[in-house]
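Accompanying notes for the structure given below.
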Amino acid sequence: MNPLLESLKNTLGERFFSRFTGAKIGIAGAGGLGSNAAMHLVRSGCQDLTIVDFDRIEASNLNRQFYFADQVGRFKVEALAENLKRINPDVQLRIATEEIGKENIEDLFADCDLWLEALDRAEIKKLFVEAAVTLGKKVVSASGIAGWGNSDALRTHQINSKLVIVGDLTSEVTLHRPPMSPRVSIAAAKEADVVLTWILGQED
């Protein structure tokens, strides 16, 4: 077992650590939310991720996404896979450079029980969440994470046992309220924490 997993096994104990074995997580989007959430999940012991995004890294992404200057121009999912493998070389990754739409959501994510939404376009976010609900999957989404300040407003909203929304529900991205690293990272960490809670259970 590699050092990260060995350390996590010692920290969590066999009973909790073993729960990661069957946890299959699907992440839609590899931008600020998706790349950072994936990083947190892999550092926490998740070992089976499907990540889908059709976009390439731009210099403007570096202020909030888990990428580096020498990766600009590359497909996000390919660079993210490389970065995640540096954390845990044994992580099982299925990546796809596809644009997510109604016609391929089920094919891409049906094998995943836990879905994490990290998309930009509102209509695709809605489509992804609705598909998860229809298929009986657990899904965490984000709404209202732009700008800076008042980070305590980024809350975890439990809609029902299978749907959670993270964010302040109001802060949309605008010219004067761009997405910035602190709030994006907080939301991504909260999304990842929701997934961990589903896997490990609520902490006593």
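The values are calculated or read from the model by the stated rules, or taken from the named source; none is laboratory data. Everything quoted here is computed from the prediction, not taken from an experiment. Virtual Cβ from ideal backbone geometry, glycine too; neighbours counted across all protein chains shown. For accessibility, only protein heavy atoms count, side chains too; no ligands or nucleic acids. Shrake-Rupley method; radii C 1.70, N 1.55, O 1.52, S 1.80 Å.
Descriptive notes on the structure:
- Within the range 126-148, the residues that satisfy the criterion of being in a helix (DSSP H, G or I) and either in contact with a His (Cβ under 8 Å, 6 or more places away or on another chain) or open to solvent by 40 Å² or more (accessible area, probe 1.4 Å) (or both) are K126, L127, E130, V133, T134.
- Top-ranked residue in the range 41-70 [being among the hydrophobic types (A, V, I, L, M, F, W, C), assigned to a loop (DSSP other than H, G, I, E, B) and open to solvent by less than 60 Å² (accessible area, probe 1.4 Å); ranked as nearest to D113 (Cα to Cα)]: C46
- Selection count, the range 11-40, where residues are assigned to a helix (DSSP H, G or I) and either under 23 Å from A110 (Cβ atoms) or of a type outside the set (D, E, K, R) (or both): 16
- Residue check for K190: in contact with a helix residue (DSSP H, G or I) (Cβ under 6 Å, 6 or more places away or on another chain), touching a residue at least 24 places away in the same chain (Cβ under 8 Å) and open to solvent by 50 Å² or more (accessible area, probe 1.4 Å): no
- Residues of the range 134-148 that turn out to be without any contact (Cβ under 8 Å) to a residue 40 or more places away in the chain and among the β-branched types (V, I, T), as a count: 2
- Pair list, Cβ under 6 Å, 6 or more apart: the range 149-175 residue under 16 Å from D193 (Cα atoms) and assigned to a loop (DSSP other than H, G, I, E, B), other residue hydrophobic (A, V, I, L, M, F, W, C) and open to solvent by 50 Å² or more (accessible area, probe 1.4 Å): L154/I186
- Scanning the range 31-53 finds no residues that are free of Cβ contacts under 8 Å to residues at least 40 places away in the same chain and out of contact with any Lys or Arg (no Cβ under 8 Å at 6 or more places or on another chain).
- Residue list for the range 83-125, filter: without any contact (Cβ under 8 Å) to a residue 60 or more places away in the chain, in a loop (DSSP other than H, G, I, E, B) and among the charged types (D, E, K, R): E98, E99, K102, E103, R121
- Condition broken by Q202, with the remaining ones in (1) open to solvent by 70 Å² or more (accessible area, probe 1.4 Å); (2) in contact (Cβ under 8 Å) with a residue 24 or more places away in the chain satisfied: (2)
- Selection within the range 107-122 - surrounded by fewer than 13 Cβ atoms within 10 Å (Cβ to Cβ) and modelled with pLDDT of 95 or more: D107, D111
- Within the range 84-96, the presence of a residue that is modelled with pLDDT under 95, open to solvent by less than 30 Å² (accessible area, probe 1.4 Å) and out of contact with any Pro (no Cβ under 7 Å at 6 or more places or on another chain) is excluded.
- Flag for D152 being within 22 Å of Q47 (Cβ to Cβ), acidic (D, E) and open to solvent by 20 Å² or more (accessible area, probe 1.4 Å): no
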